[in-house]
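What follows is a set of notes on a single structure, which appears directly below.
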Ligand code: SF4
């Protein structure tokens, strides 16, 4: 079965730090994050045309001189593990392109397979919040935190470049929460604070939340710095 791809940004300079990539969106997600901006892909993916793998391959091959690889995002790519995910990644690797793999970390076995079979060159995993009951408010579902913790461990032990990233939702995440998250990933190579964007949040009540000023994000960055090797702020 071919991997279902519902979105294709031909050239992105933003989705893989330091690389030029094509960004591909798969539908469906097992989370329901209130601040998600891709709810259409999750609630009603049929509204989007499915993009044939051949079209993507053709584009990549004809732009091989400047495209480094793909960023596979969604939705949640691991939900497609029995629907062509690994075969698609293998094909991309065989064509000579790199793969950045985004995940919400709910399927450590899938991540393990992606890593062991060398199907990714970079992994980005969301950490929605502190790893306790507060997580559910940010993921929108009752979350199995043992899976999230296992995924963190697998990624940190993978030998690959990676990042953990958190969308900083004002009112739910502040200095205390960020320090708690940082302690869970102590020693990690890279952590990214993502600016919250209120517009088009899945949960309408989140559309009135005002994002933190840059200065506040810098303070949060400084809270995390002692625990991880590199901390970045993404977004304005
Ligand atoms: S994990 Fe990502 S795609 Fe899934 S609901 Fe949350 S923000 Fe949206």
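Bear in mind that the values in this text are calculations on the coordinates, not laboratory data. Keep in mind that this is a model prediction, so the values were computed, not measured. Here the Cβ positions follow ideal geometry from the backbone for every residue, glycine too, while neighbour counts run over all protein chains shown.
Against the main long axis of the alpha-carbon atoms of the chain, helix 214-224 sits at an angle near 90°.
Fully extended, how many nm does the chain gain between residue 58 and residue 149 (0.36 nm per residue separation, minus their Cα-Cα distance)?
On the way: separation 91, 0.36 × 91 = 32.76 nm, distance 3.81 nm.
The residue 58-residue 149 span can extend by a further 29.0 nm.
Taking label points 7 Å from Cα along the Cα-to-Cβ direction, residue 234 and residue 134 give a separation of 2.2 nm.
Distance between the C-alpha centres of segment 55-85 and segment 145-205: 24 Å, rounded to the whole angstrom.
Using only Cα positions of the chain, each an equal point scatterer, no hydration layer, compute I(q)/I(0) via Debye at q = 0.12 Å⁻¹ and quote the log10 values to two decimals. After summing over all Cα pairs, the log10 values are -0.66. With R₀ fixed at 25 Å, the C-beta to C-beta distance from residue 11 to residue 91 puts the FRET efficiency at about 0.80.
Quick one: work out the % antiparallel among DSSP beta bridges in segment 7-177, nearest 5. Intermediate results must be reported in sequence, preceding the final value.
Values: 4 of 21 bridges.
Roughly 20 percent of the DSSP beta bridges within segment 7-177 come out antiparallel.
Using Cα atoms only, what is the angle between the long axis of helix 175-184 and the major principal axis of the chain, expressed in degrees (0 to 90) to the nearest 10? The answer is roughly 50 degrees. Relative to the dominant Cα principal axis of the chain, helix 145-156 is inclined by about 70°. Gyration tensor over the Cα atoms of segment 145-236: the corresponding equivalent ellipsoid has semi-axes (square roots of 5 times the eigenvalues, largest first) of 24, 15, 12 Å.
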